[in-house]
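Undergrad: The following block contains the structure, expressed as structure tokens.
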Amino acid sequence: MTNTKKIIAAVLVCVLTALCFAGCGVANNAPGDDAIICVSLVAEDGQIYIPANTAAAVPQTPVTPIETVPVAPVVPSDGVATPVTPAATSAGAQTPATPDANAQPQTPANNNATPAAAPTSKEEVLALYTEAYAKIAAEGKSATLTYNNTTNSPNVLEIGGNLLKTVANSLMGSFLKESTPNTQLSPADVAPKGVTSISIDASKVAEATCTESGGVYEIHIKLNTSQSAPEVNPTANSGGVGSLTDIVMVSDITNAAESFINFEDVKNSYFETEITAKIDPATKHITELYTKCPSIMSFGKVAVKPLGVPSVSNAAIGLTYENRYAISY
């Protein structure tokens with residue numbers, strides 16, 4: 001260490017020592033009391049010496065509390081600065097340390113986190129319902145069909161002749177049978193049946209809302225179809241009707257009646273399809289699901305095979321399907 005660095009070090013030690021005494025002892029002396037200022041020296045060998053108390057007592061005047069004076073760090077011969085801890089002020093408060101520029105900010109722990117608010121936008125509601133529906137197949141233990149009803153609504157039954165009406169009613173009973181209340185189902189049979197992960201096209205949705213009551217979300221989704229602008233012959237999980245409820249495929253109709261009725265140009269038109277679901281916000285489990293799907297089945301031509309009855313053109317049947325499910329996890 002050069003002589004200049006030794007002198008700087010000695011001065012720093014003296015200043016710090018004087019500050020410590022001023023902050024801790026001298027400030028408490030009343031006027032007229034005696035106080036000793038201790039000075040340390042650094043010898044050529046680098047040792048610090050404190051001389052004996054041979055100085056005469058010096059009367060002290062009251063000391064005004066002093067504030068911390070910024071002190072430069074001591075730089076040894078290796079060139080690495082050692083930070084100097086700031087001295088306490090005369091009031092006993094510790095001067096805050098200089099913040100570390102590399103320190104990462106810490107987020108205080110939130111032990112009273114508020115549950116996420118109910119979704120508000122159409123996209124948020126559809127995303128929640130899509131996620132919740134996937135949990136039926138993945139986590140559901142059982143399902144119950146608590147209500148199932150198929151009605152001739154809208155009141156359309158255009159067949160042409162009592163005989164064909166009778167056949168049509170019989171046909172309706174063959175593939176649109178009502179289930180016994182509280183029928184036990186596999187979770188995979190919850191509408192849309194056989195679909196484990198749905199995809200809903202937001203452009204086909206007119207309404208998607210979510211309300212909260214008693215700690216339960218109630219989601220309502222309605223498609224933007226109408227009787228004058230229906231969705232015709234949809235397929236399962238096609239983004240619209242087939243992603244929300246069970247649909248009757250054209251093959252279901254033709255296969256059920258192929259032995260005695262010939263159908264041509266079959267169209268199954270769905271409109272005003274809607275669902276309502278109750279969801280646990282904590283688990284995102286759908287506990288109840290109600291589906292409603294009005295439709296009109298139309299046929300370009302209908303002919304009864306074994307009876308030789310003249311064919312009928314432009315026949316139609318109006319049907320509305322309603323189902324309600326309860327799901328357990």
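Undergrad: Among the residues of the range 293-322 satisfying the criterion of being without any contact (Cβ under 8 Å) to a residue 40 or more places away in the chain and within 49 Å of the chain's Cα centre (by Cα), which is nearest to Thr209 (Cα to Cα)?
TA: Within the range 293-322, the match that is nearest to Thr209 (Cα to Cα) is Ser298.
Undergrad: Would you check if Ile159 is at pLDDT below 95, of a type in the set (Val, Ile, Thr) and assigned by TED's automatic domain parsing to the domain that holds Ala132? Walk me through how you get there before you give the answer.
TA: On the way: at pLDDT below 95: yes; of a type in the set (Val, Ile, Thr): yes; assigned by TED's automatic domain parsing to the domain that holds Ala132: yes.
Here the answer is yes, as Ile159 does meet what is asked.
Undergrad: In the list Ala101, Ala91, Ala113, Ala109, which residue meets the criterion of being modelled with pLDDT under 95, within 19 Å of the chain's Cα centre (by Cα) and exposed (fewer than 13 other Cβ atoms within 10 Å of the Cβ)? Quick ask: steps written out before the conclusion?
TA: On the way: Ala101 fails: within 19 Å of the chain's Cα centre (by Cα); Ala91 fails: within 19 Å of the chain's Cα centre (by Cα); Ala109 fails: within 19 Å of the chain's Cα centre (by Cα).
Of Ala101, Ala91, Ala113, Ala109, the one residue that is modelled with pLDDT under 95, within 19 Å of the chain's Cα centre (by Cα) and exposed (fewer than 13 other Cβ atoms within 10 Å of the Cβ) is Ala113.
Undergrad: Moving on. Name every residue in the range 273-317 that is closer than 22 Å to Ala137 by Cβ, touching a strand residue (DSSP E or B) at 6+ places or on another chain (Cβ under 8 Å) and of a type in the set (A, V, I, L, M, F, W, C), in order of residue number.
TA: Matches in the range 273-317: Ile275, Ala277, Ile279, Ile286, Leu289, Cys293.
Undergrad: Let me ask something else about it. What's the total number of residues in the range 299-329 that are closer than 14 Å to Asn268 by Cα and surrounded by 20 or more Cβ atoms within 10 Å (Cβ to Cβ)?
TA: 5
The values are calculated or read from the model by the stated rules, or taken from the named source; none is laboratory data. Please read all numbers here as calculations on a predicted model, not as lab measurements. With ideal geometry, Cβ positions are generated from the backbone for all residues, glycine too; neighbour counts draw on all protein chains shown.
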